[in-house]
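Q: Starting off with a structure, shown below.
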Amino acid sequence: MNYKVLFVSLALLLTGGADEAGTEKAPISVIEPAKIEAQLGKTVTIRGKVTRTGQSKGGLQFLNFANAQFVVVCFPDAIAKFTSGQPVDLYKQKTIDVTGEIVKYRDKFQIKLESPNQIKVVKVEAAAGTTSEPTESKAPKKPATLKTKQGATDKNKKPVDPKKFFDC
């Protein structure tokens, strides 16, 4: 009897049935529309960086990605559930995992955001192997130098007095 349970469990695990039983699949990248399309009608997790956000006159909020074929939509009734802020502000320029049913609307794939539990900000791997949220470089900027026609730098020139050229 125990062998039958073991065999069925192993078969489910090998065929992918275990994912429906609660184990987590790796998120699908937003830049892979073919993989997203293959999951149409299924509940999956999509990962990507929100590059633009927007809000309609009716109050719908949109999280857009570099891949223009996928969008996260949040209706006004769900926006009220986000107690720490508006989704358009919370997730702009963040890499997120969003889980929900993939549907197609006007030739775009989308997930309807109904709860804050569906979405989370993820840390991405940095080049050095540490995890951190992508940020702008904190290195000090070098002062700009002007070049003359001869190619020499113009760092030490004094500013021109505009009174010489304009009636001030």
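Q: Taking neighbour counts of Cβ atoms within 10 Å as a proxy for exposure, in what order, fewest first, do Leu63, Leu90 appear?
A: The order, fewest Cβ neighbours first, is Leu90, Leu63.
Q: For each of Arg52, Arg106, Arg47, count neighbouring Cβ atoms within 10 Å of the residue's Cβ, then give the residues from fewest to most.
A: Arg106, Arg52, Arg47
Q: I'd like the Kirkwood hydrodynamic radius of the range 70-112, using the inverse of the mean 1/r over distinct C-alpha pairs, in Å.
A: After inverting the pairwise mean of 1/r, the radius is 11.5 Å.
Q: Continuing with the same structure: So for Phe65, Phe75, Phe70, fewest C-beta neighbours within 10 Å to most, what's the order?
A: Fewest to most other Cβ atoms nearby, the residues stand as Phe75, Phe65, Phe70.
Q: If you put +1 on each Lys and Arg Cβ and -1 on each Asp and Glu Cβ, how big is the dipole of the range 26-121 around its Cα centre, in Debye rounded to 20?
A: Charge dipole of the range 26-121: 160 debye, to the nearest 20.
Q: Using 0.36 nm times the number of residues separating Ala26 and Asp107, minus their current alpha carbon distance, what extension gain do you get?
A: Using 0.36 nm per residue and subtracting the Cα-Cα distance, I get 26.7 nm.
Q: Nearest 0.05, what FRET efficiency do Glu114 and Ala34 give at R0 = 25 Å with Cβ-Cβ as r?
A: Approximately 0.45, to the nearest 0.05.
Q: Roughly speaking, what is the stretch gain from Val121 to Lys42, that is 0.36 nm per residue apart minus the C-alpha to C-alpha distance, in nm to one decimal?
A: Length gained between Val121 and Lys42: 26.3 nm.
Q: Quick one: P(r) of the range 26-121 from all Cα-Cα pairs, 10 Å bins, percents rounded to integers, in order of increasing distance.
A: 17, 56, 25, 1
The numbers here are math on the coordinates, done by the rules we state, and not lab data. Since the structure is predicted, the reported quantities are computational estimates derived from the model, not experimental observations. Glycine gets a Cβ as well: all are built from the backbone with ideal geometry, and neighbour counts include every protein chain shown.
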